[in-house]
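Scroll down for the structure; my scribbles are underneath it.
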Amino acid sequence: MRGGEELDGFEGEASSTSMISGASSPYQPTTEPILALIAFICIETIMECSPCEGLYFFEFVSCSAFVVTGVLLILFSLNLHVRIPQINWNLTDLVNTGLSTFFFFIASIVLAALNHKAGAEIAAVIFGFLATGVYTVNVFLSVQKWRVSLHQQSTNDYIRARTESRDADGRPEIQRLDT
């Protein structure tokens, strides 16, 4: 595991949105939504296809990844995620990037296998694989961020339990109730 200074650097990636919002967020801003949008635009320029199933699947994946990742980016950039503390935002980001990586990879392979060598299809496949790569990097960063948050949570739980046990030791009325 990395040292505290390196984790601060990792935090710096997430806090680049804090320059906008004034607070850190679990989201690591990358080019994911842009690559998903470019892939979607490439696939939309195709006028004819046969069979079209691979094209439609790629279209669905690229559009869904763009919308969901874009919504999360807006939530974190505007610091709206702080208003909903019941959601584990680190885990939400991890699930989103994991699913997007998996489906972009599958959709890119399917489109690469079923395309008709048209320029837009080839460009969509290239941007699909680029988006897969960027999402893969973000999965790695999200896993690290999630592990750090789990470690911090368990440390906080330990400190809270120790504090509560000290309070109980100093108060004899609590000890009498236990016996």
| task | For the range 118-144, name all the residues that are of a type outside the set (A, V, I, L, M, F, W, C) and farther than 22 Å from Phe103 by Cα. | result | Gly119
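Yes or no, residue by residue, for (1) exposed (fewer than 15 other Cβ atoms within 10 Å of the Cβ); (2) without any contact (Cβ under 8 Å) to a residue 40 or more places away in the chain:
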residue: Phe40; (1), (2): no, yes
residue: Cys52; (1), (2): yes, yes
residue: Leu78; (1), (2): yes, no
residue: Leu94; (1), (2): no, no
residue: Phe105; (1), (2): no, yes
| message | Condition first: over 30 Å from Leu114 (Cβ atoms) and either modelled with pLDDT of 80 or more or among the aliphatic types (A, V, I, L, M) (or both). Can you find one or more residues in the range 3-10 that meet it? | response | yes
| Within the range 54-65, how many residues are more than 17 Å from the chain's Cα centre (by Cα), closer than 22 Å to Asp93 by Cα and open to solvent by less than 20 Å² (accessible area, probe 1.4 Å)? | 1
| field | Selection status of Val82, touching a residue at least 24 places away in the same chain (Cβ under 8 Å), out of contact with any Pro (no Cβ under 7 Å at 6 or more places or on another chain) and surrounded by fewer than 16 Cβ atoms within 10 Å (Cβ to Cβ) | value | yes
| Considering only the range 109-159, how many residues are surrounded by 17 or more Cβ atoms within 10 Å (Cβ to Cβ) and among the basic types (Lys, Arg)? | 1
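The values are calculated or read from the model by the stated rules, or taken from the named source; none is laboratory data. Worth saying up front: this structure is predicted, and the values here are computed from it rather than measured. In this analysis, Cβ positions are derived from the backbone assuming ideal geometry, glycine residues included, and neighbour counts consider all displayed protein chains. Keep in mind that these areas ignore ligands, DNA and RNA; they rest on the heavy atoms of the full protein, side chains included. Shrake-Rupley method; radii C 1.70, N 1.55, O 1.52, S 1.80 Å.
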